[in-house]
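Scroll down for the structure; my scribbles are underneath it.
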Amino acid sequence: MSKSILELEPTNLWKNFHSLTQIPRPSKKETRIIAFMKEFGEKLELETIVDEVGNVIIRKPASPGYEDRMGVILQAHLDMVPQQNEGTGHDFENDPIQAYVDEGWVKAKGTTLGSDNGIGAAAAMSVLEAADMEHGPLEALFTIDEETGMTGAFQLKPELLQGDILLNMDSEDEGELYIGCAGGIDTTGIFHYKTEQTPANHTAFKITVKGLKGGHSGLDINLKRGNANKIINALMSLAASKYQLRLSAINGGSLRNAIPREAFATVVLPQGSQTNFEQFIKEFTAIALEQFRESDGGLIIEATQTELPETIIDLKAQEALFTAVAKYPNGVIAMSKDMPGVVETSTNLAIVKSDGEKITIASLQRSSVDKDKIKLAENIRNVISKAGGEATSHGEYPGWKPNVHSPILQTMKDVYNAKYGRIPEVKVIHAGLECGILGAAYPNWDMISFGPTIRHPHSPDEKVEISTVGLFWDYLVETLKHIPVKA
């Protein structure tokens, strides 16, 4: 599988991306990839710095004749989202990604690919090792923990970098230039519960919701895909009223920034209700399939008998959970009035999980309007509190305010038009790029974000379009030639 990737063009970029797929790098587990990148820079005999948090900075002098150009920072994040299909058995902390070529795309076998943001990182590596490129002074900034907390961006010291222009290579549509992004905030709800002995005259079922597409909770939130946590909660709430269902355990979703594709629950019902419950599952599934027929037609709902659990969650906590999840906002909240078709505010009900003592509900709110993001988080905390839970919001990060008069924007529009015969689209993105945080630390930077075409990031369906990687690379090379002279 990997051999075919190594044969793709541009050769150096795909070689570097392949190297990244061989190093486990889930968010917050980046020790090995940091060491790899440090060694990479040192082998090239370039100035290489690892800061206190683990960000890697590699400096490359200007090529002859380009010493007077503005300094450019090539930026990508090292971590990746660890998602896999049920039964894949992948260990993201130890196993390499099994990437392969399929009809013009590079994909991974049963897991996320890590093209978000591995392609950007590989491009920066390729620039650093190129001996024949024309460019001014360069710095490559490889940040850590972008996917779960943007820790690297938040803790980057203001005086560490020397450049003037930031080229963020973490966007996912070739031919588009991004000049703004949404900010975000995490909200967590906690429902403490007592356990009760499971009645002996009950039958246990494992309920499974799977087959959903999932995806990025910002980029894909407008696609009206199914949310496994919402679906399983609706099913259990109805079954509780009809058949006295009691919940023993629940595990739905795994990451705040991924739309939950799967959810699992262990429940018990009084003996004698099995036939009616199984019929109910069929009817509920038919209704759900119709609801998501266009947007998420692969939905599967199963209820299989299982071993009777020793305990169940107390009824008061169960009812509180069902109420909170039912009222929990999810999906697009508002569209932008200034930019048609662009999501302005959204929320993703990402995780619902019990651990024997409490049920945790985790979500991520995004908005390009900071006050709306804060207000939405407050509304969600109120939903949790009114249902009897404890709620907090944390991990807030700012958005990136668009600058339509950006000099690097004009340069890159001109370069793209000269090379490809059309002007690239200029957009803002409903996702948490690091530019907003980095720009707060370095307000002098002129920033832009671009990249190849990536589909279904944050899910096992993630794939990157091979032809666009070449276009992206050639565009990057040409852009570096045309960076303006420093005033």
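Using a simple spin-label model with pseudo-atoms 7 Å out from Cα toward Cβ, LYS481 and LEU44 lie 2.0 nm apart. Using the Cα gyration tensor of the stretch 234-302, with a ≥ b ≥ c the square roots of its eigenvalues, what is the shape: rounded (a/c below 1.5), prolate (a/b larger than b/c) or oblate (neither)? Taking the square roots of the gyration eigenvalues as a ≥ b ≥ c, the stretch 234-302 is oblate. For the stretch 86-151, the set of GluC sites (Glu not before Pro) satisfying both a DSSP loop assignment and a count of at most 14 other C-beta atoms within 10 Å is given as GLU86, GLU93, GLU103. Summing charges over neighbours of GLU302, with a neighbour being any other residue whose Cβ is under 15 Å away from its Cβ, gives 0 when K and R count +1 and D and E count -1. 3J(HN,Hα) along the stretch 389-399: x, 9, 10, 9, 10, 6, x, 5, 9, x, x Hz, from the Karplus curve 6.51 cos²θ - 1.76 cosθ + 1.60 with θ = phi - 60°, whole Hz, x for Gly and Pro. Over the chain, DSSP H runs of length four or greater, each weighted -39,500 (n - 2.57), average out per residue to a 222 nm ellipticity of -9500 deg cm²/dmol.
Which of the pairs LYS224/LYS358; LYS427/LYS463; LYS337/LYS373; LYS28/LYS353; LYS60/LYS157; LYS38/LYS401 have their Cα atoms more than 26 Å apart in this structure?
Exceeds cut-off: LYS224/LYS358; LYS38/LYS401.
Per residue, the accessible area of the stretch 299-396 comes to 49 Å² when a 1.4 Å probe rolls over the protein heavy atoms. Put simply, the amide H of ILE333, placed in the peptide plane, has neighbours under 5 Å in THR345, SER346, THR347, leaving out anything fewer than 5 places away on its chain.
Taking label points 7 Å from Cα along the Cα-to-Cβ direction, LYS327 and GLN22 give a separation of 5.5 nm. Summary value for the chain: 23 percent relative contact order, contacts being C-alpha pairs under 8 angstrom separated by 6+ residues. Separation of the stretch 190-257 and the stretch 91-122, taken as the distance between their Cα centroids, equals 29 angstrom. If you roll a 1.4 angstrom probe over the protein chains with everything in place, what fraction of the accessible area of the chain belongs to carbon and sulfur, to the nearest %? C and S atoms contribute 49 percent here.
Taking amide hydrogens as placed 1.01 Å from N in the peptide plane, the amide H of LYS427 sits under 5 Å from those of LEU177, TYR178, ILE179, each at least 5 positions away in sequence or on another chain.
For LYS282, a cut-off of 19 angstrom between C-alpha atoms picks up these aspartates and glutamates, skipping any fewer than 8 places away in its own chain: GLU262, GLU290, ASP296, GLU302. Rounded if a/c is under 1.5, else prolate if a/b is larger than b/c, else oblate: which is the stretch 257-395, with a ≥ b ≥ c the root eigenvalues of its Cα gyration tensor? Oblate, because a/c is 1.5 or more while a/b does not exceed b/c.
Only one of the values [x] 25.8, 94; [y] 22.3, 70; [z] 24.1, 84 was calculated from this structure for Rg and Dmax of the Cα atoms in Å; name its label. Among [x] 25.8, 94; [y] 22.3, 70; [z] 24.1, 84, the one derived from this structure is [z].
Seen from ILE144, the other residues with C-beta closer than 13 Å to its C-beta sum to a net charge of -3, counting Lys and Arg as +1 and Asp and Glu as -1. Average accessible surface for the stretch 3-74: 49 Å² per residue, computed with a 1.4 Å probe over protein heavy atoms with every protein chain in place. Within the straight-line cut-off of under 14 Å between alpha carbons, the aspartates and glutamates reachable from LYS194 are GLU310, ASP314, GLU319, ASP355, GLU357, sequence neighbours fewer than 8 places apart in one chain being disregarded.
Computed from label points 7 Å out along Cα-Cβ, the spacing between ALA286 and LEU308 is 3.2 nm.
Note that the stretch 184-191 has calculated 3J(HN,Hα) couplings of x, 7, 8, 10, 10, x, 10, 10 Hz, one per residue in order, obtained from phi through the Karplus relation 6.51 cos²θ - 1.76 cosθ + 1.60 (θ = phi - 60°); glycine and proline are x. In terms of packing, defined here as the mean over residues of other Cβ atoms within 10 angstrom, the peptides 440-446, 195-201, 412-418 line up highest first as 412-418, 440-446, 195-201.
The values are calculated or read from the model by the stated rules, or taken from the named source; none is laboratory data. Model, not experiment: these values are computed from the prediction. Neighbour counts are summed over all protein chains in view; Cβ atoms, including those assigned to glycine, are modelled from backbone coordinates with ideal geometry. Keep in mind that these areas ignore ligands, DNA and RNA; they rest on the heavy atoms of the full protein, side chains included. Shrake-Rupley method; radii C 1.70, N 1.55, O 1.52, S 1.80 Å.
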